[in-house]
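*Asks:* Got a structure here, written out as structure tokens. Questions coming.
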Amino acid sequence: MSTDQDLVARWAVEPAPLLPLLHAFHNRDGYLSEAALRAVSEGLRIPLADLYGTVTFYHHFAREEGGHSRPRVCDGPICKLRGSDELMAELDGATPMPCAGRCDDPIPVLVENRYLAGRPGAKLRETPAPMPDDNPGELEECCFAGIREDGRATLMGYCSDGGYGALTRAVREGSPAGVIEVVEASGLAGRGGAGFPTGRKWRAVAEAPGGPKTIVCNADEGEPGCFKDRVLMDYDPHAVIEGMALAAFATGATRGFIYLRYEYPHTERILEDAILDARDAGLLGQRILGSDFSFELYVRRGAGAYICGEETSLLNSLEGKHPFPRNKPPYPVTHGFEDLPTVVNNVETLASVPPILAKGADWYRGLGLGDHAGTKIISLSGDVQRPGNYEVPIGLPLDTLLNDWAGGPLEGRTFQAVTMAGLSGGFLGKFDDVTLDEPCLRARGSFLGAGGIMVFDDRRDMVDLARQAMAFFAHESCGKCFPCRIGTQRLTERLAGEAGPADADEWKREVADIGTTMAAVSACGLGIAAPLITQSLLRDFPDAVDANLEARKS
Amino acid sequence: MSTITIDGQSVPFEDGETIYEVSRRLERDVPTLCYDDRLEAFGACRLCVVELEGARNPVASCTTMAADGMVVRTATEAIERHRKTLMDLVVSENPKGARIDPLRGLASQELAHLAVRYESDGSRFVGKQSGTSRPDDTNPMILRDYDNCISCYRCVRVCAEREGDYAISVANRGFETQITTEFAGLLEDSDCTFCGQCVQTCPTGALGDLRSMEAQDQPGEFEKTRSICPYCGVGCSVDILTKNEKIVGVQPAMDGPANLGALCVKGQFGWDWVDSDERLTQPLVRKDGKLVPASWEEAWERAAKGFKSVVEKHGRHAVYAVASGRAPHESAYSVQKFVRYGFGTNYVDNCSRA
Ligand SMILES: Cc1cc2nc3c(=O)[nH]c(=O)nc-3n(C[C@H](O)[C@H](O)[C@H](O)COP(=O)(O)O)c2cc1C
Ligand code: SF4
Ligand code: SF4
Ligand code: SF4
Ligand code: FES
């Protein structure tokens, strides 16, 4: 067994060492002991009180002996419908964890570093993530075009289909400016939530003074109801790696990190293997393909915090700091990792880049419907015949996705509500004429975001779903800013009927006032988006709210 | 010259100034709770939000740099409504904080004053309280009454940024955040130096000066007298708090040129000797191993004899004098004169060297 000194010596020399060093102790001891934290504090010169506070920020670091091996059961909105409470009761010492990104094949359970799935009464098993079905609309895809092929996750499989061709061409014959031009012209925009134009982000980093520059792949995928990044990394890891290498080539970055959510331990192994293979083939590391372009790539595993998907919180987490989001501006493009120019892009965004460079900007633009450019992966889950990941042309009618592609509601049921952007876009109760693109959804007071859509049929209690959603945001609020820290708590209490005015009008006024202020003045996207839950509930389900408030009186 | 327009008034500003700083120069009364001049702006309370033309949402003025051509409004109806909601929210988790004795600390009334300004009485947004007090921390200097904590993190930031001590930090997240030392222990077992700076920046009195608080129940208001800390050569400016002509506390002066609001444990908490019964009021000499009152003549005699015999036996360099840092210039001068001239040695020093 490694000694404390071995572990510290192994990691202290690496970039972004805190998380992997803590995981090393966590894996070795089954929890993070006081002695371990003292060794880490000394080894990395982090004040002990800071380190202690930072460790308590993360959901998955156990601080009591044996904690790491206690089962953690997903109690996300979909798993809850599938019996996660019962499953939790069946498993000794189990505790809940927020949505673990397997809403298409519930219920995920983490035991140490094993990712299992099961239902109440059934044996837990380690099964691979469901592969996306063939495109039901028989439409051309970008990200999923090659993913269903056997052996795609291996270097050979990826290369046999033209993989790393875009990188090779860029390095041998292309130029950084040329890559940026194509990405800009393609209209590719961030697929992680905020939808910022990717080419513009890369250009800003390329032009920013200072270095070394960094590419961060945001693989935190913490949004409930989102499980698309996992399937991309599991079945097409080299597409993500090639996308990162292209971003590095385009911007002059020399190092990269994949910040992977804690809940995907199997994906970590897949990525590590793929990186080793790519490095052996001269596609990563020093002097890539014999050129003078070098790019080192590291995987860093998170520890359970939705806010660490927010890019500046992520950067603080990587740097070993308390993961509060930073004040913006300045943005990561100039002041990112270690305060140096940094690209932060979502997995799907990066995986879209190699096909775009291989087939051209016009090809990608043309995949969208009408004026919309490109495609988006939708993670569809809940009360629908065929949940799963679907790559849709941007602008596709939601109705087509729900009824034609995914088979419509369950036998004898009708759709009541869908969520957008996982939970962050709130609920839609009227969605017959919605198309899947930002202009349409923003006009409805919602947004497409990372593309998680949860479907709830007529059996579901909307107020209770809203309570669960708000409880998630309260659980994940970082606690930095007042409106979100207190607001998510107060809204949860009101939805649960634990506190708040008995009078219905006064109740609605309080809920609306908290929401308005949170949305306007919160310090980051979590607090800005969270009140969409209550706002959409009041907007689209006023009768459910009234009935709920009425029932409380008796 | 770059200018910014604030509430219709166009003003020049310097590079690196925030909207908040410019607004304050113009005496706009922008409310804050997480702000402390001496610390890096943090952006937690959001009370300082202002309307910025062209921005979708209000911006926190404390963290937003002034830029040429910005048009800012500091107190529109919408902005004031957000502030009212924020104040109602923060008072709802901390209803006691609106009634805190000012002896707890220099900034302890900030929340109370804003609660009055925004008429926040705790009647809206009722719900669970945050923060857990630490009555188990029985140190005699710092009260840790986290029931009143509003998670502004000024204490944590002052400890790191000003004292450089990193004794405290933030545990957990969201509504469960809690100010903590390593492993949630006692201050005494942490790196805390008991400088008291966290106490003096706390805007709610969640951290309190226990020594001063002893005078809470005495009738009357306290008075403040500006002075210099008597302990060492740094010369920190302090305000001495008195009630009925007796010292009841010391607070650092934020505008003290040597300390800018900082003190150390001695200056902050070490004032109770002034009225101590144990202070010497007359000369004492030791007789048969016991100290007994003596006349000044007898005491001088004994001291002189003692010094002389040491010098005779061990030579002049056997004497070493340390002047009190609390001594005025003239006394310190006399000490060195006495040692050099009287004994013939240069072995003389001052306790403020540390
Ligand atoms: C609370 C919160 C959580 C987020 N979580 C993620 C995430 O898990 N993955 C992600 O790619 N982006 C997430 N984002 C968005 C990132 O901040 C950032 O915009 C994105 O990673 C940029 O990449 P893109 O431009 O490729 O989308 C989150 C944002 C917020 C406010
Ligand atoms: S909005 Fe919420 S998550 Fe974001 S900084 Fe504020 S408290 Fe943290
Ligand atoms: S008394 Fe000083 S050292 Fe101790 S916690 Fe407060 S600021 Fe830090
Ligand atoms: S103890 Fe005081 S200074 Fe520290 S976070 Fe709480 S309210 Fe702010
Ligand atoms: S003073 Fe600006 S957010 Fe608190």
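The values are calculated or read from the model by the stated rules, or taken from the named source; none is laboratory data. Being a predicted model, the structure only gives us computed values, none of them experimental. Cβ placement follows ideal geometry from the backbone for every residue including glycine, while neighbour counts extend to all protein chains displayed.
*Asks:* May I ask you to verify whether A:PHE324 is in a loop (DSSP other than H, G, I, E, B), in contact (Cβ under 8 Å) with a residue 60 or more places away in the chain and surrounded by 24 or more Cβ atoms within 10 Å (Cβ to Cβ)?
*Replies:* In short, yes.
*Asks:* Across the range A:397-433, which residue is nearest to A:CYS524 (Cα to Cα) among those that are surrounded by fewer than 21 Cβ atoms within 10 Å (Cβ to Cβ) and β-branched (Val, Ile, Thr)?
*Replies:* Filtering first and then ranking leaves A:THR400.
*Asks:* For the range B:21-44, name all the residues that are touching a residue at least 60 places away in the same chain (Cβ under 8 Å) and more than 14 Å from chain A (Cβ to nearest Cβ).
*Replies:* Within the range B:21-44, B:ASP36, B:ASP37, B:ARG38 meet the criteria.
*Asks:* Name the residue that is nearest to ligand 5 (Cβ to nearest atom), counting only residues in the range A:460-475 that are surrounded by 24 or more Cβ atoms within 10 Å (Cβ to Cβ) and within 20 Å of the chain's Cα centre (by Cα).
*Replies:* A:PHE473
*Asks:* Find the residue count for the range A:31-64, including only residues that are farther than 16 Å from A:GLY304 by Cβ, in contact with a Gly (Cβ under 9 Å, 6 or more places away or on another chain) and not in a helix (DSSP H, G or I).
*Replies:* Count: 1.
*Asks:* Taking the residues in the range A:473-516 that are within 11 Å of chain B (Cβ to nearest Cβ) and aromatic (Phe, Trp, Tyr) as candidates, determine which candidate is nearest to A:ARG326 (Cα to Cα).
*Replies:* The extreme case among them is A:PHE482.
*Asks:* Can you tell me how many residues within the range A:479-501 are among the polar types (S, T, N, Q) and closer than 23 Å to A:SER554 by Cβ?
*Replies:* Residues meeting the conditions: 1.
*Asks:* From the list A:VAL392, A:VAL343, A:VAL347, exactly one residue is touching an Asp or Glu at 6+ places or on another chain (Cβ under 8 Å) and surrounded by 23 or more Cβ atoms within 10 Å (Cβ to Cβ). Which is it?
*Replies:* The conditions single out A:VAL347.
*Asks:* Whether any residue in the range B:4-20 is within 16 Å of ligand 5 (Cβ to nearest atom), over 21 Å from the mean Cα position of the chain (by Cα) and without any contact (Cβ under 8 Å) to a residue 40 or more places away in the chain is what I want to check.
*Replies:* no
*Asks:* List the strands (runs of 3 or more DSSP E) inside the range B:145-248, counting only whole elements, that have at least 1 residues being more than 11 Å from every other protein chain (Cβ to nearest Cβ) and modelled with pLDDT of 95 or more.
*Replies:* Counting at least 1 such residues, we get B:207-209, B:223-228, B:237-243.
*Asks:* Sticking with this one: What tally of residues in the range A:285-298 results from selecting those that are buried (at least 21 other Cβ atoms within 10 Å of the Cβ) and either of a type in the set (A, V, I, L, M) or within 16 Å of ligand 3 (Cβ to nearest atom) (or both)?
*Replies:* Total satisfying the criteria: 2.
*Asks:* Determine which member of the set B:CYS62, B:CYS48, B:CYS34 is in contact with a Gly (Cβ under 7 Å, 6 or more places away or on another chain) and of a type in the set (A, V, I, L, M, F, W, C).
*Replies:* B:CYS62
*Asks:* Taking the range A:180-198, which residues are surrounded by 22 or more Cβ atoms within 10 Å (Cβ to Cβ) and over 25 Å from A:LEU260 (Cβ atoms)?
*Replies:* Hits for the range A:180-198 are A:ILE180, A:VAL182, A:SER186.
*Asks:* Of all the helices (runs of 4 or more DSSP H) wholly in the range A:447-554, which have at least 3 residues that are in contact with a strand residue (DSSP E or B) (Cβ under 9 Å, 6 or more places away or on another chain)?
*Replies:* A:462-476, A:532-540
This table checks each residue for (1) of a type in the set (Val, Ile, Thr); (2) under 15 Å from A:ILE377 (Cα atoms); (3) in the same structural domain as A:LEU271 (by TED's automatic domain parsing).
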{"residue": "A:PRO128", "(1), (2), (3)": "no, no, no"}
{"residue": "A:MET131", "(1), (2), (3)": "no, yes, no"}
{"residue": "A:GLU141", "(1), (2), (3)": "no, yes, no"}
{"residue": "A:PHE144", "(1), (2), (3)": "no, yes, no"}
{"residue": "A:ASP161", "(1), (2), (3)": "no, no, yes"}
{"residue": "A:TYR164", "(1), (2), (3)": "no, no, yes"}
{"residue": "A:PRO197", "(1), (2), (3)": "no, no, yes"}
{"residue": "A:ARG203", "(1), (2), (3)": "no, no, yes"}
{"residue": "A:ASP220", "(1), (2), (3)": "no, no, yes"}
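*Asks:* Looking at the range B:170-183, can you tell me whether even one residue there is among the β-branched types (Val, Ile, Thr), buried (at least 24 other Cβ atoms within 10 Å of the Cβ), under 13 Å from the mean Cα position of the chain (by Cα) and within 9 Å of ligand 3 (Cβ to nearest atom)?
*Replies:* no
*Asks:* Follow-up question, since we're still on this one. May I ask you to list the residues in the range B:45-75 that are within 12 Å of chain A (Cβ to nearest Cβ) and hydroxyl-bearing (Ser, Thr, Tyr)?
*Replies:* Result: B:SER61, B:THR63, B:THR64.
*Asks:* If we scan the range A:299-314, do we find a residue that is within 22 Å of A:PRO17 (Cβ to Cβ) and either surrounded by fewer than 16 Cβ atoms within 10 Å (Cβ to Cβ) or within 16 Å of ligand 3 (Cβ to nearest atom) (or both)?
*Replies:* Among the residues of the range A:299-314, not one is within 22 Å of A:PRO17 (Cβ to Cβ) and either surrounded by fewer than 16 Cβ atoms within 10 Å (Cβ to Cβ) or within 16 Å of ligand 3 (Cβ to nearest atom) (or both), which makes the answer no.
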